[in-house]
Structures are given as structure tokens and as C-alpha cells.
Amino acid sequence: ILTTMLLGLMLGRSRFFQNSANYLPQVTRVQWWALGCGLAAGAVFGIWKATTTDFLTPTPWRIFAGVCYILGRVLIMVFYVATIVRCVHSQNWRHRLQPFATAGRMPLTNYLMQTLIATTLFYGWGFGLWGKVGNALDLALFLESDRMGYLLDTVSEKLVDGQRDVVKNERRQSYENA
């Protein structure tokens with residue numbers, strides 16, 4: 001993940017995506033080289049996994065296969081990115097990609113909040129619900145995240161403090177009346 005993140009950061013800082021039309025010949029070459037090398041690296045890893053019986057002993061073959069696994073994943077990701085860049089600049093594909101443009105404009109804060117909620121619900125440091133709930137929770141989380149995404153501009157510190165006071169008051173009343 002770090003490798004792909006750093007590669008994306010490097011491309012973003014160099015303004016590659018803003019000027020990608022200038023690089024289309026290089027993108028085409030990189031696309032096909034990444035596919036060929038990525039498939040070859042994946043094949044090496046697949047052969048190692050199919051032929052080895054001891055997955056834990058550190059041998060040169062295992063280390064080479066592990067490096068091929070990592071390189072193969074990065075190279076296939078580069079192939080996907082190059083394919084998308086080429087499709088964006090193609091008149092035939094531009095209308096097919098148009099519905100995805102809205103998802104591309106989703107604010108980063110919405111993504112981060114969804115990530116925080118999901119990891120809190122499903123991972124062991126939170127509620128640990130992974131594998132314990134059905135598909136209905138997936139649908140409910142999707143609908144709730146879509147609804148909450150539009151509240152980002154309306155929520156303020158003053159509004160949150162007011163709601164916090166209401167909750168404290170209700171909690172105090174429920175314990176006093178019990």
C-alpha cells in the first residue's frame with residue numbers, strides 16, 4: 001500500500017494527471033510493459049506457491065517469489081491506472097466513464113469518516129463485528145454514509161455542543177427518574 005501511495009503522490013506532485021494528454025505515448029508504453037511484467041511476476045509467484053511445500057522457511061526462491069508478488073501487484077496497478085488515463089482521453093470511452101465522475105468528486109472528509117466508522121465497527125480495536133452481521137448492515141451503512149455526506153457543510157462546533165448538552169441532560173434525567 002505504501003508503494004502505491006508514494007507512486008500516486010509522486011504523480012500528483014508532478015501534475016501528471018493535469019497534463020496527462022502530453023504523456024499519452026509514454027502512458028501507452030508503460031501500460032503494456034506494466035501488464036507484461038506484472039503478469040510475469042505474478043506467474044513466478046504462482047509457480048512458487050504451487051511447487052513449494054514449506055511456506056515459512058526463508059529460502060532465496062521464497063524471497064524472490066515474495067519480491068515478484070509485491071512487484072506484480074504494483075505493476076498491475078500501474079497497468080490499471082494507465083488504462084484509465086488512456087480511456088479518459090479516448091472519445092469512445094469518455095461517455096462510458098461519465099457516471100463515475102461524480103464519485104470522483106466525493107470529498108476526502110466523507111471518505112475518511114466512512115473509513116473511521118467502518119474500522120470502528122468491524123475491527124478488533126472497535127466493536128469487532130466482522131463476520132458477525134449480515135448483508136443488511138452493509139446496506140444500512142451505505143445509506144447512512146450517503147445521507148451523512150451532505151451534512152458536512154451544515155455541522156458546526158456550536159451545533160455539536162448544543163446536541164451534546166441535550167444528550168447530557170437526557171442522560172441525567174433518565175438516571176434521576178430511575
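The values are calculated or read from the model by the stated rules, or taken from the named source; none is laboratory data. Given the structure is predicted, the values throughout are model-derived calculations rather than measurements. Please note: Cβ atoms are built from the backbone with ideal geometry, for glycine as well, and neighbour counts cover all protein chains shown. The area values use the complete protein model at the heavy-atom level, side chains included, leaving out ligands, DNA and RNA. Shrake-Rupley method; radii C 1.70, N 1.55, O 1.52, S 1.80 Å.
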Qualifying residues in the range 22-58 (those that are of a type in the set (Ser, Thr, Tyr) and open to solvent by less than 50 Å² (accessible area, probe 1.4 Å)) - the one farthest from residue 74 (Cα to Cα): 52
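What about residue 24, is it touching a residue at least 40 places away in the same chain (Cβ under 8 Å), closer than 26 Å to residue 84 by Cα and assigned to a helix (DSSP H, G or I)?
yes
Within the range 43-88, how many residues turn out to be under 30 Å from residue 21 (Cβ atoms) and of a type outside the set (A, V, I, L, M, F, W, C)?
Total meeting the criteria: 5.
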Determine, yes or no, whether residue 2 is open to solvent by less than 100 Å² (accessible area, probe 1.4 Å), aliphatic (A, V, I, L, M), under 22 Å from residue 72 (Cβ atoms) and without any contact (Cβ under 8 Å) to a residue 60 or more places away in the chain. no
What helices (runs of 4 or more DSSP H) completely inside the range 61-178 contain at least 3 residues that are farther than 30 Å from residue 35 by Cβ and at pLDDT 75 or above? 108-122, 157-177
Can you pull out every residue in the range 12-21 that is open to solvent by 80 Å² or more (accessible area, probe 1.4 Å) and part of a helix (DSSP H, G or I)? 13
Keeping to the range 33-60, report how many residues are in a loop (DSSP other than H, G, I, E, B) and among the hydrophobic types (A, V, I, L, M, F, W, C). 2
Any residue at all in the range 20-31 that is at pLDDT 90 or above and among the small types (Gly, Ala, Ser)? no
